[in-house]
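Step one of this worksheet: look at the structure below.
The values are calculated or read from the model by the stated rules, or taken from the named source; none is laboratory data. Computed from a predicted structure; not experimentally measured. So basically every Cβ, Gly included, is an ideal-geometry build from the backbone, and we count neighbours across all protein chains shown. When the accessible area is computed, the model is the full protein with side chains, heavy atoms only, and any ligands, DNA or RNA have been set aside. Shrake-Rupley method; radii C 1.70, N 1.55, O 1.52, S 1.80 Å.
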Amino acid sequence: MAIRVHDTMKRQVVPLETRDPGRAGIYSCGLTVYNYAHVGNMRSLIWFDFIRTYLAYRGLNVTFVMNYTDVDDKIIERAKVEGITPEAVTAKYTKAFEDDMVALGGRMPDVVPRATGHIGDMIEAIQGLIDKGFAYESDHNVWFAVEKFGPYGKLSGRSLEDMRAGERIEPHPSKHHPLDFSLWKAAKEGEPAWDSPWGPGRPGWHIECSVMAVKYLGMGFDIHGGGSDLIFPHHENEIAQAEALYGTEPFARYWLHAGMVQMEAEKMSKSLGNVVLARDVLERYPGESVRYWMLQSSYRSQVVFSESALNDANQSYERWRTFKQAAAHALGDEMPAAPEPLLRPTDDELGPTGYVQSFIDALDDDFNSAEAFAAIHELVREGNKRIEPAQRGDAGAREELVEMTTAFLELTGVLGMRFTVEESDSELIAGLVEAMLDLRERARARKDFAEADAIRDKLTELGVVIEDTAAGARWRVGQGVVGVD
Ligand SMILES: [Zn+2]
């Protein structure tokens, strides 16, 4: 296997060599559950879910961990705004996120640890950092001393001086160095708090990821993912905490960062208020079309959110869906089933069509989805040419169409697309169109041409294109061939 990934730390594409042969551990920073997820958050998480699926398809035994940050200033603020408890806030938005994940065809990670379930582990880690001289207590707060960790800045490639000049630094009277970051925050009146050796309080944001990633995947696990906005300070701090505490490196072997989703000229971010919520998009487009939009360009690229981009993705997705329907219609009982489980661990037996090989070559190369999608579109173009001859009973065309449809179902299955919900809709549509065409035929038989034309006009108005042929009426919806009566 020759999968290559772009490692943010090494700043280049390098071969993926996992710590344990045949296994891969992936950790992705999850959400702070204080609001509905925006499409930028969801794109990043859908991408890491897809990377996990793809690595499993290539034969690795994958463990995927994603955390929920369920204690944070933003949650406390939100609880005040909504007049409910912080626990009610996190329960509400965790459920909303899981619904969005399902709607987008994502699977939940293998382990989904919550910060509040690991307070004891975090206290232990913070005490360990104090004992080793990397952290200090001041006024019931505990800070990580960045100057004590020599390689601080190695992920973002910046020195302490650069960071000091470039970042908005939170001033605090108890810090030794302006870039020292919080490990433990002293409790304020009315906020959730836990007992600790430094008095009641709660953990800072960064420590949970170091502690939970190592707890579930061990030091030196394979892939750490997240949005590129997390590189500094969050991921830099995760590295400092874990490598200082455990005294070994690396914390993670590869750092993969997803590009941001932009709106107009700005990064989509809740604090800027220019966000589009995933659930609002999902009200207007089928989940698999939105998934198509999210996965069609490389995880690393910056993507612009726009209605026209979503419409384009929706139309491209429709071409795939229509192909599947047309193939099913043409092949009848010979229509292949989607393969389960999806597995291509070796490059042998990739089938005669070459599309599977192109798809794998593209995705092995740092998950180049644009090329992988192009391979499927090529397959669909070629497959469409076989629909009509297959329908006429041409044995060669049928055989090729079966092979192509098998490859199509495998590849779209890896992308998490099953076309299932829409399929039942389209069966219903096909049934209704055919029933109307029957009525039209009967009207014509009794020479009621006004009625026959009225039925045809109604169908045309609904976007059903009808062609009368010697073999009967053929029909399709919009651009794609859907059925032949
Ligand atoms: Zn994190």
- In debye, nearest 20: dipole of the chain around its Cα centre with unit charges on the Cβ of K, R (+) and D, E (-)? 400
- By how many degrees, 0 to 90 and rounded to 10, does the Cα axis of helix 449-461 deviate from the longest principal axis of the chain? 20
- Which value, in nm² and rounded to one decimal, describes the direction-averaged projected area of the C-alpha convex hull of segment 1-94? 7.5
- Taking the Cα-to-Cβ direction at Val102 and at Glu249 and moving 7 Å from each Cα, how far apart do the two end points lie in nm? 4.4
- Note on the structure: Over the chain, with neighbouring protein chains present, the accessible area per residue in Å² at probe 1.4 Å is 44
- Calculate the dipole size of segment 352-391 relative to its Cα centre from +1 charges on Lys and Arg beta carbons and -1 charges on Asp and Glu beta carbons; express the result in debye to the nearest 20. 340
- Query: Can you give me the pair-distance distribution of segment 131-219, C-alpha pairs, 10 Å bins, whole percents?
  - Reply: 15, 42, 34, 9
- Message: Which one, His140, Phe48, Met404, projects farthest toward the positive side of the charge dipole computed for the chain from Cβ point charges (K/R +1, D/E -1)?
- Response: His140
- Answer with one residue from Gly393, Pro345, Leu310: the one whose Cα lies farthest towards the positive end of the charge dipole of segment 286-408, charges on Cβ with Lys, Arg +1 and Asp, Glu -1. Leu310
- Segment Ser174-Asp312, extension gain: residue separation times 0.36 nm, minus the distance between their alpha carbons: 44.4 nm
- Stretched out fully, how many nm does the piece from Glu388 to Arg284 gain, at 0.36 nm a residue minus the Cα gap? 34.1 nm
- Message: In whole Hz and in residue order, list the ³J(HN,Hα) couplings for segment 239-249 that follow from phi through the Karplus curve 6.51 cos²θ - 1.76 cosθ + 1.60, θ = phi - 60°; x for Gly and Pro.
- Response: 5, 4, 4, 5, 6, 5, 5, 8, x, 10, 9
- segment 85-240: C-alpha pair distances exceeding 21 Å, %: 53
- Task: Rounded to the nearest 0.05, what FRET efficiency do Glu77 and Ala165 give with R0 = 22 Å and r taken as the Cβ-Cβ distance? Could you check?
- Result: 0.15
- With a Förster distance of 51 angstrom and the Cβ-Cβ distance between Lys154 and Leu439, calculated FRET efficiency to the nearest 0.05 equals 0.10
- With axes computed from alpha carbons, what is the tilt in degrees of helix 39-57 against the longest principal axis of the chain, rounded to the nearest 10 within 0 to 90? 80
- Computed on alpha carbon atoms, what radius of gyration and Dmax characterise segment 285-365, expressed in Å? 15.6, 44
- Query: How large is ³J(HN,Hα) for each residue in segment 112-128, as worked out from phi by the Karplus curve 6.51 cos²θ - 1.76 cosθ + 1.60 (θ = phi - 60°), to whole Hz, x for Gly and Pro?
  - Reply: 10, x, 10, 4, 5, x, 10, 5, x, 4, 5, 4, 4, 5, 5, 4, x
- Antiparallel DSSP beta bridges within the chain, percent to nearest 5: 55
- Task: Take segment 118-168, compute every pairwise Cα distance, and split them into 10 Å bins from 0; I just need the percent in each bin.
- Result: 22, 41, 32, 5
- Under 5 Å from the placed amide H of Leu179, counting only residues 5+ away or on other chains, we find none
- Query: Once Rh is set to the Kirkwood radius over Cα pairs, what Stokes-Einstein translational diffusion coefficient, in µm²/s, holds for segment 177-245 at a temperature of 10 °C and a viscosity of 1.306 mPa s?
  - Reply: 118
- Query: If you take the Cα atoms of the chain, find Rg, then find the Kirkwood Rh from the mean of 1/r over all pairs, what is Rg/Rh?
  - Reply: 1.07
- Message: Can you give the FRET efficiency to the nearest 0.05 for Val14 and Gln302, using r as the Cβ-Cβ distance and R₀ = 22 Å?
- Response: 0.50
- With x for Gly and Pro, the residue-by-residue ³J(HN,Hα) of segment 327-334, computed from phi through the Karplus equation 6.51 cos²θ - 1.76 cosθ + 1.60 at θ = phi - 60° and given in whole Hz, is 5, 4, 5, 6, 8, x, 5, 7
- State the percentage of accessible surface on segment 1-99 attributable to carbon and sulfur atoms; use a 1.4 Å probe and exclude ligands, DNA and RNA. 51
- Note on the structure: Amide H proximity to Gly59 below 5 Å, modelled H, separation 5+ or other chain, gives Arg344
